[in-house]
Structures are given as structure tokens and as C-alpha cells.
1. Take the residues in the stretch 72-123 that are among the charged types (D, E, K, R) and closer than 25 Å to Phe141 by Cβ; name whichever of them is surrounded by the most Cβ atoms within 10 Å (Cβ to Cβ).
2. Within 21 Å of Asp148 (Cβ to Cβ), modelled with pLDDT of 90 or more and buried (at least 18 other Cβ atoms within 10 Å of the Cβ) - does that describe any residue in the stretch 222-244?
3. Among (1) free of Cβ contacts under 8 Å to residues at least 12 places away in the same chain; (2) under 21 Å from the mean Cα position of the chain (by Cα); (3) outside any loop (DSSP other than H, G, I, E, B), which single condition is Ala177 missing?
4. Among the numbered criteria (1) modelled with pLDDT of 95 or more; (2) at positive phi, which single criterion is violated by Gly267?
5. Determine, yes or no, whether Arg251 is charged (D, E, K, R), surrounded by 16 or more Cβ atoms within 10 Å (Cβ to Cβ), in contact with a helix residue (DSSP H, G or I) (Cβ under 8 Å, 6 or more places away or on another chain) and in contact (Cβ under 8 Å) with a residue 12 or more places away in the chain.
6. Does the stretch 324-339 contain any residue that is within 25 Å of Cys261 (Cβ to Cβ), among the β-branched types (Val, Ile, Thr) and touching a residue at least 12 places away in the same chain (Cβ under 8 Å)?
7. Filter the stretch 343-372 down to the residues that are buried (at least 16 other Cβ atoms within 10 Å of the Cβ), within 17 Å of Thr292 (Cα to Cα) and not polar (S, T, N, Q) and list them by number.
8. Select the helices (runs of 4 or more DSSP H) contained entirely in the stretch 37-151, then report the ones holding at least 2 residues which are in contact (Cβ under 8 Å) with a residue 40 or more places away in the chain.
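The values are calculated or read from the model by the stated rules, or taken from the named source; none is laboratory data. From a predicted model like this one, the values you see are computed outputs, not experimental measurements. With ideal geometry, Cβ positions are generated from the backbone for all residues, glycine too; neighbour counts draw on all protein chains shown.
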Amino acid sequence: MLVPLSHFLKSTKWQIPRKSYNTWVLAIKNASSPLKALQLYTHMHRQSIPFDTFSILFTLKSCTHFKNLTIIHHLHSHIIKLGFNTHVYVSTCLLHAYAVMSFDQACDLFDEMPQRNIVTWNTMITGYSRSGSINKARSLFEAMPVRDAASWSAMITCYINNGFRDQGLSFFREMMANENPKPDQVTVGSVLSGCAHMGSLGLLAGKSVHGFVVKNGWELNVDIGTLLVDMYAKCGFLKNAVWVFVLMQERNVSTWTALICGAAQHGFCQEVLSLFKMMQEAGVRPNEMTFTGILNACAREGLIEEGRKYFKMIKETGLEPRIQHYGCMVDMFGKAGLLEEAYEVIKEMEFEPNIVIWGSFLSACKMHNQFDIADRVIGQVLRDIKPENDGGIYSLVSDLYALNKKWDDAERVRNLVLNQNVRKARGSSCI
């Protein structure tokens, strides 16, 4: 049996004065938290204050933030009791709530809906996208009686977010060729993000998207501008990234960080430090990703003292170092042959070392033939990381044993990999 809504409201100690109906609806809309919206809704019910679609919609939207199916079930039951379940806007809002928490129940509701609008269909495509059901999303897209820009965006995002970026770009080209509907900012954002993750392979498509933005007279606002900077930077076209950056009237921390991380990724390490100095002079406060880009540049260039300085600056800025920052420091010390310092960084971490950090550390031990230091952690690495999860680490450990003529240990570890029939994992960086 479902727990009654009053269970969630036992902690309520404040009294709600009597108000007019319109004031109640406005109060639900402007509630400072989902809990207050639910409290207001419950009070309206107890006081027999009449509901309409607006009060139902505002409560549903607010309570979706709870991500609690019990609450949504109770609201659903109340909606049916009030007879609002046949209202397409209410049903669509309820569908969105289920899609966030239990997509199977969203599918059931979709099948039962007597009426659907374009938002209903788009919500389902997005839900299938999140669950990785690309073919079902495409079938639903094809079955739509009418499509808008959001429908195309949802389908393009579905392909891109599930790793089928070529198909996503092809879909975008088809959308541009149809000219109705035209791509909007959300569509362009999804495509540019996909191009950025394709590296140099996405450059041509990214340029065509940029051309579309210019041709249609779009303002180079902070959102579109930052996406273009990020795309060009990650594709290795730093000159174009800087050009867009300079043309932008407004820049935020994401804009600066996109350029810094892109420059670091392609080895423009001194430029990274210069950009960070300009960022500080502009009064823009860095975030965690900004420092990841800076530390990655220091690691690539072997700028040990600068790396120490910027790692210390993370806390001075009011942030806490993340695992990727520690990973950059391990990488930096490891490449420089400072294996003891790299090991100290690992010991000082508040996180459990991940595969990337262990791989970076052991690779450095192998590069500098420092088996004694590697031997301190090999036992922990083999306990924490299973061969089926990353055969590359096991192959690295086997190589370290072989380089130090520990043939039996090398064969033992190698057999663990072969028995699991695993492949070496792709190399990873600290970004």
C-alpha cells in the first residue's frame, strides 16, 4: 500500500494563512522548494480549495525534483480522481515525471493517453534516448504526425549521446536541407558538442554549423560562442577558437575554460598559462575544469613548480581538488621521474585511486625503470582492479615484472589476462 502524502509532511510546523484561489496557484508556482509546493498542494486539498490544470501542472513540475515515485503515484491517483487525466497538458507533465524516474511506467502511460501533443512525443524520444533505445526513438520519430525543432533536436541528441555521432550529423544535415523546421539553438548546441567530441573528424561538420549560425544572422551570444570555441579548440583549430573568442561580446568561465582546456589538449602549454593570467585580470573566477586544463598543460610541458603552484591555488580559490587534479599531478611527477612525489600524491588523496591514476603511475615506473616503487602498489592494484575491467593494467604489471626478470610473476599476471579474454583498455588522460 502506498504511503499517504501526509507521511512526507509530518515535519511541517508552519501555518498557512487563508488565501484566495489565484494566490494559492501563484504560491505553488513560486514555491522556494519542491517540499513547499507539495505542502501547499496538500493544504489546498484539505481546505477543499478547487484545483484546475494550472495548480496541478505547477505541483507536478515542482514534485518531479523529488525523484520519488511514491509521491508521483499519489499525485497521479489524485489527478484521475479529479478527472484531469484526460487533459493532454497534465498527462504530458505526468509523463515527463515518470520518464525521469521510471521510463517503463512512462511507456505505459504513453500507450494509455487518449490525446498526445508534440511535447508528449518529444518527451518519449528523449526518454528512449536516455535509455539507449535508439531504434525505438527513431521509430517514434517516424510515427510522429507533426515534428518541430525540438523533435529533430531530441533525435540528433539521441544519436550523439549514444555514440553514433556520424548519424547525428547526418540527421542535422537532413534537417537543414528540409528547412522546416529550422534548427534552433538547442539543436545547434547538440551538434557542436558532438563535433567537439569527434576531434579533427568533426571539424568539417562544425564549420558548416558555424556557417549556418552566421548565414542566419544569429547573435554570437555566450552560449553559442562558448560551444564554437569548445568545438574549434577540441578539434585542434586553435586560431578559429581564438577568433570566435575575440568576437564574443560576453564571455563566462565556461568560455575561458573551453579555450584553456583545448589549448592544453593540443600542447599549447605556455598559451594556457597566459590565458589563465588574462582570465584572472578579467575578474573571472576559475572552476574545477579550468584547473584541470592548467594542470594538464603543466604535466605535458614538465612545468613542475608551476604545477605545484596551481594545484595549491585550487584550495586558495575556495575549491576542493578533484580526482582529475590529483591525476594530473601524478602524471606530471611521473613523467618527470619524480616517482616518490607521485606516490605521495596518491597516498594523500581523499579518493580511491582509479584506473587512470594507477595506469599513469605504473607507466611512469616502467618508463623510469623504478620497479621498487611500483612493487609497493602492485598488490593493491591487482586487488582493486579486476582483469575483466581493465586488461591494460594487468599487461603493464606483467611488463614490469618481466623487465625486472621476475618471470614467474610476469607469466602469472599475463595468464590472468588471457584467462579472462580481455583486451587492453584504450589510453586515457586526466581530462
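1. First pass over the stretch 72-123, keeping only residues among the charged types (D, E, K, R): 81, 104, 108, 111-112, 116.
Keeping just the survivors that are closer than 25 Å to Phe141 by Cβ gives 104, 108, 111-112, 116.
Details: Asp104: 10, Asp108: 11, Asp111: 7, Glu112: 9, Arg116: 17.
Per the criteria, the residue is Arg116.
2. Yes; the residues of the stretch 222-244 include at least one that is within 21 Å of Asp148 (Cβ to Cβ), modelled with pLDDT of 90 or more and buried (at least 18 other Cβ atoms within 10 Å of the Cβ).
3. Exception for Ala177: condition (2).
4. (1)
5. On the way: charged (D, E, K, R): yes; surrounded by 16 or more Cβ atoms within 10 Å (Cβ to Cβ): yes; in contact with a helix residue (DSSP H, G or I) (Cβ under 8 Å, 6 or more places away or on another chain): yes; in contact (Cβ under 8 Å) with a residue 12 or more places away in the chain: yes.
Taking the combined requirement at face value, the residue satisfies it.
6. Yes, the stretch 324-339 has at least one match.
7. Hits for the stretch 343-372 are Val345, Ile346, Met349, Pro353, Val356, Ile357.
8. Per the criteria, 69-82.
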